[in-house]
Amino acid sequence: MGVGKSTVGAMVAERLGCAYRDTDGDIVAEQGRTIADIFVDEGEPAFRAIEKQAVQRALAGYDGVLALGGGAILDADTRALLAGQPVVYLSMDVEEAVKRTGLNTARPLLAVNPRRQWRELMDARRHLYTEVATAVVATDGRTPEEVAQAVLDALELKEA
């Protein structure tokens, strides 16, 4: 959350001359409501089921830079679909997260004690991110342009 996946993903896609897509955006468009609203109205398990379907559809029929929501990796089937794909884990520490997002309550998983919850989420997810990642790119203290270039370098991709 707040790592810059949307900004960096769009920059990487532009540099590669391909399209950019975010499964969170797909979910919002399909459901006609925000992710926070889905969490509040239906709960996390319902959201995760919607997310899983959105990711499966995107991976099956899309050829470009694809950004996944931070919790998509929790699903074993999603991790299996990512195997063999070029996957970049954009990492950051909690202090950087505070700077970027303020750890505000608009993010449903950070509604109470955001610093602690962010740390707990990362402790639970980090090993899953690194399990499927082809490359890990630290974003701390870097501009989006620097991160985008680091992604291209890590994957040894050439700009269009």
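Here is how the numbers come out for the structure above:
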item: 47, 39, ranked by accessible area, largest first (probe 1.4 Å); result: 39, 47
item: Note, ³J(HN,Hα) from phi for the stretch 125-134, Karplus 6.51, -1.76, 1.60, rounded to Hz, x at Gly and Pro; result: 9, 3, 5, 6, 4, 5, 4, 9, 6, 7
item: Order of exposure, largest accessible area first, which applies to 145, 156 with probe 1.4 Å; result: 156, 145
item: Tail weight of P(r) past 14 Å, computed on alpha-carbon pairs of the stretch 1-84, percent; result: 64 percent
item: Probe 1.4 Å, protein heavy atoms only - accessible area per residue of the stretch 1-74 in square angstrom; result: 47 Å²
item: Stretch gain in nm, segment residue 33-residue 116, where the contour uses 0.36 nm per residue and the Cα spacing is subtracted; result: 27.1 nm
item: Under-5 Å amide H pairs with residue 62, H placed in peptide plane, nonlocal only; result: none
item: Rounded to whole Hz, the Karplus (6.51, -1.76, 1.60) HN-Hα couplings of the stretch 68-83, x for glycine and proline; result: 10, x, x, x, 4, 5, 5, 7, 4, 5, 5, 4, 5, 5, 7, 4
item: Accessible area of the stretch 43-85 belonging to carbon and sulfur atoms, whole % at 1.4 Å probe; result: 51 percent
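The values are calculated or read from the model by the stated rules, or taken from the named source; none is laboratory data. Here the structure is a predicted model, which means the values were calculated and not measured. Ligands, DNA and RNA are stripped out before the accessible areas are found, and what is left, the full protein with its side chains, is counted by its heavy atoms. Shrake-Rupley method; radii C 1.70, N 1.55, O 1.52, S 1.80 Å.
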